[in-house]
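Undergrad: Have a look at the structure that comes next, please.
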Amino acid sequence: MQKGGNPQAEAIFYHSQRLQDDLQMLGLKIKLHEDHIKLLKSQSNKLDDSILESQGENVKANSSYDKPCNLVARSNRWCPDS
């Protein structure tokens, strides 16, 4: 804006420019937070999958103790009953 113009118009222009800059900065902050949320959701999903996988392995390991080993199984692997 030209110097010596309408002071009220200059003030409005300056204020408008400042609001636009603030809005742009907020947009960048929102984008950063959205990216962090996506990362956290991805990590949470990986942890959930890992927990479910571990629980499945625990169920398989514990269920082998509940069933007696047959002769073939005893000869091929460790059997908790022997």
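What follows draws every value from the coordinates through simple rules; no lab data is involved. Treat the numbers as computed from the prediction; the structure is a model and nothing was measured. Cβ coordinates were reconstructed from backbone atoms using ideal geometry, including for glycine residues, and neighbour counts include every protein chain displayed.
Undergrad: Run through segment 1-40 and list the trypsin sites (Lys or Arg not before Pro) located in a DSSP loop whose Cβ has at most 14 other Cβ atoms within 10 Å.
TA: Answer in residue order: LYS3.
Undergrad: So which GluC sites (Glu not before Pro) in segment 1-61 are both in a DSSP loop and have at most 15 other Cβ atoms within 10 Å of their Cβ?
TA: On the way: sites: GLU10, GLU34, GLU53, GLU57; in loops: none.
Listed in order of number, the matching sites amount to none.
Undergrad: With a sphere of radius 15 Å drawn around the Cβ of HIS15, what net charge do the other residues whose Cβ falls strictly inside it have (Lys, Arg +1; Asp, Glu -1)?
TA: Details: positive: ARG18; negative: GLU10, ASP21, ASP22.
With Lys, Arg at +1 and Asp, Glu at -1, the net is -2.
Undergrad: Multiply the residue separation of ASN62 and ILE37 by 0.36 nm, subtract the distance between their alpha-carbon atoms, and state the gained length in nm to one decimal.
TA: Values: separation 25, 0.36 × 25 = 9.00 nm, distance 3.67 nm.
Going from the current span to full extension adds 5.3 nm.
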